[in-house]
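Some notes on the structure that comes next.
The values are calculated or read from the model by the stated rules, or taken from the named source; none is laboratory data. Everything quoted here is computed from the prediction, not taken from an experiment. Cβ atoms come from the backbone with ideal geometry, glycine included; neighbour counts cover every protein chain shown. In case anyone asks, the SASA skips ligands and DNA or RNA and just uses the protein heavy atoms, side chains included. Shrake-Rupley method; radii C 1.70, N 1.55, O 1.52, S 1.80 Å.
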Amino acid sequence: MPPKAKFTKEQIILAALEITRRSGIRAVTAREVGMQLNVSTRPIFTYFSSIDELKNAVLQKAKEIYRSRILLGLQDSAPFLCVSKEYLRFAVEEKHLYKLIFLDAGDFGLRHCAADTMRETQVLLRSFLMEKYKMDAQTADSFYFDIWLTAHGIATLLVSDDCPLERQQIPQVLSRFGAALFRAYKQVPGFAEGTFEKDKLYNAELS
């Protein structure tokens, strides 16, 4: 009868998660996980057929942490703006987990992770946008996607340590962009569909 495993599957995932938080997903190896748990590599392969399978489990755990941040933002009195702030806070405070979800998942064969995670967040926000701002589902999704692209761009600069904005400027940028975009969605016919008369709009503003 084989000896009983000393560590559970969850403990191994959490050990790999801590390594990822500290050094990034590329640092997750059987040797490093074994060192984190102070055991040999053998218990790891009791539960996982490969390190990539373990990395996939770490990714799912990272997405749970990300989702909890987004749900926290939804509980605020100004949820839409706070979701964007929580998104950026996650990028700053969980730099390597953000990279794993939105930038690095493809390195071990997981495609479309950023797009899938974005769509999951979109679903969480759709009902709120429809009820709060009187948008139909298509407009709500389009509005969210535009805001997400802006937040994602800023977050990517932050995790790359190459953001030209001071930290106190970031909420201002999001607020300005969100307000201007909201006004356009509500007041410009065809804006959500991308069929609005661009030249007419620009010329009217310049006259």
task = May I ask you to give the percent of accessible area on the stretch 11-62 that is carbon plus sulfur, with a probe radius of 1.4 Å?
result = 47
key: Highest to lowest packing among 10-21, 32-43, scored as the average C-beta count within 10 Å   = 10-21, 32-43
ask   = With θ set to phi - 60° and the Karplus curve 6.51 cos²θ - 1.76 cosθ + 1.60, what are the ³J(HN,Hα) couplings of the stretch 122-131 in order, to the nearest whole Hz, using x for Gly and Pro?
value = 4, 4, 4, 8, 4, 4, 4, 5, 5, 6
query = If all Cα-Cα distances of the stretch 50-162 are sorted into 10 Å bins from 0 onward, what percent lands in each bin, rounded to whole numbers?
reply = 14, 46, 30, 9, 1
key: Extension gain from Thr156 to Leu124, taking 0.36 nm per residue of separation minus the Cα-Cα distance   = 9.3 nm
request  = At 7 Å along the Cα-to-beta-carbon direction for both Lys132 and Arg26, put a label point, then send me their distance in nm to one decimal.
outcome  = 3.8
query = Based on the Cα coordinates of the chain, what is the per residue volume of their convex hull in Å³?
reply = 155
key: Diffusion constant of the stretch 1-111 at 4 °C, which comes from Stokes-Einstein with the Kirkwood Cα-pair radius and 1.567 mPa s, µm²/s   = 87
query = Using alpha carbons only, how many degrees (0 to 90, rounded to 10) separate the axis of helix 169-187 from the longest principal axis of the chain?
reply = 50
task = Taking the Cα centre of the stretch 1-106 as origin, sum charge times position over the Cβ atoms of Lys and Arg (+1) and Asp and Glu (-1), and report the length of that vector in debye to the nearest 20.
result = 220
task = Identify the chymotrypsin sites (Phe, Trp or Tyr not before Pro) of the stretch 163-207 meeting these criteria: DSSP loop state and at most 16 other C-beta atoms within 10 Å of the C-beta.
result = Phe196
inquiry  = Taking 8 Å as the Cα distance limit and 6 or more residues as the minimum spacing, I'd like the relative contact order of the stretch 33-148 as a percentage.
reply    = 17
task = Determine which lysines satisfy two conditions relative to Lys198: a Cα distance under 17 Å, and not lying fewer than 8 residues away in the same chain.
result = Lys186
request  = Taking the chain as the reference, fit the longest principal axis to its C-alpha atoms, fit the long axis of helix 79-93 to the helix C-alpha atoms, and give the angle between the two in degrees, 0 to 90, nearest 10.
outcome  = 40
key: Those trypsin sites (Lys or Arg not before Pro) in the stretch 32-117 that DSSP places in a loop and that have at most 14 other beta carbons within 10 Å   = Arg111
